[in-house]
Ligand code: ADP
Ligand code: MG
């Protein structure tokens, strides 16, 4: 173990009185913008039996996959023999835990928000539950069951289409219950969905940016009646001289503020257009970006430095016409003279053939891939109100693939 990591581990163990009697830190497993995560052994895990309903946990963890084989569990199984020689039902105990040390620079409201939402979502299938949390002065640590997973970059190129369907079914299972609580995750991306390609199970983690739907009360044009919106926007457009010659000088329009939290490359168009009434559909877009990444075998697929670049990347694929219509939904006018952004854009099938170097060979997508692309189009609908919901996604034929 690296000396710095060792030092940080020592510090963490000393910061909380009694830590060493409860947990044995094993290694650092993650370092993000907002936290450092360690793998640890829970030394007193037997005592959790009351607060931690194992039977329920088992159901929950195995729910998304019928074919899940309980032998290949990621945590320690404990099959105890009774006096009569009967085998007790397997009880999976979170013997190994992930300890998430939230940086002290995070605001207390932010930390509270994350813990609160995790508590609300504690019974959601495929969502990593919170076991407990501790605070010592300004330091907060969250304790989660440890979930073995592989690095996305190591397996995404090897995934078959049925593999993709299984991966997504698990992710959508988590999202459908998160969304049914009217909570947006806001940061859907591979590092926040811990997936084990061997057991084919995954859990959603990291609710650090999650929020309740409807938190922002500023109205956005996308929630207006389409007819009203059209008339109002046309009037506004005619009133101001069309900004054809670049950015308007002496712009008197109020600046727009919207939640833009998330990770670049995964932000939905409405986030980039600063929609103030963002919905759970922003998470669906991000899942679409993951699927596009897997199908095109390119990670990261979008690689923008800022929101304007991100808009350009999306506009290059979808074309000016559709992108303009998407902006209008949120009261935005999109004007560009960038030659690579065509009017029509491309269809996703073409993009995938290009990215996988099949466009010159005259090859086409396989039937399975076509099904995946059809589903992908539903996730990457520029209009959030038309984009598929997590619940609908679970009913989609594509996600039923590989289920039997
Ligand atoms: P951050 O807010 O810093 O991104 P995350 O909650 O996403 O924090 O955790 C960062 C990383 O730590 C994850 O990408 C993952 O590799 C690892 N990790 C987090 N929770 C767990 C867990 N329950 N089991 C195993 N690894 C985890
Ligand atoms: Mg994260």
For this session: Please compute the Cα-Cα pair-distance distribution of region 126-277 with 5 Å bins starting at 0, giving whole percents from short to long.
Result: 2, 7, 12, 15, 15, 13, 10, 8, 7, 6, 4, 1
Problem set entry | Kirkwood Rh, angstrom, region 253-404 [1 / mean 1/r, Cα pairs] | 16.3
Exercise. Using a simple spin-label model with points 7 Å from Cα along the Cα→Cβ vector, what separation in nm is obtained for residue 29 and residue 4?
Worked result: 2.2
Seminar exercise, completed: Cα-based Rg/(2.2 N^0.38 Å) for region 187-226, rounded to two decimals, is 1.83
Seminar exercise, completed: For region 171-246, the Cα convex hull volume per residue in Å³ comes to 177
Seminar exercise, completed: Exposure-ranked with fewest Cβ neighbours within 10 Å first, 381, 42, 216 stand as 216, 381, 42
Seminar exercise, completed: Unit-weight point scatterers at every alpha-carbon of region 123-165, Debye formula, q = 0.25 1/Å: log10 I(q)/I(0) is -0.94
For this session: Let me know the Rg and Dmax you get for region 312-379 when you use only its Cα atoms, in Å.
Result: 14.0, 43
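No value in this document is a laboratory result; all are computed from the given coordinates. Computed from a predicted structure; not experimentally measured. All Cβ positions, even for glycine, are placed from backbone atoms using ideal geometry, and neighbour counts span all protein chains on display.
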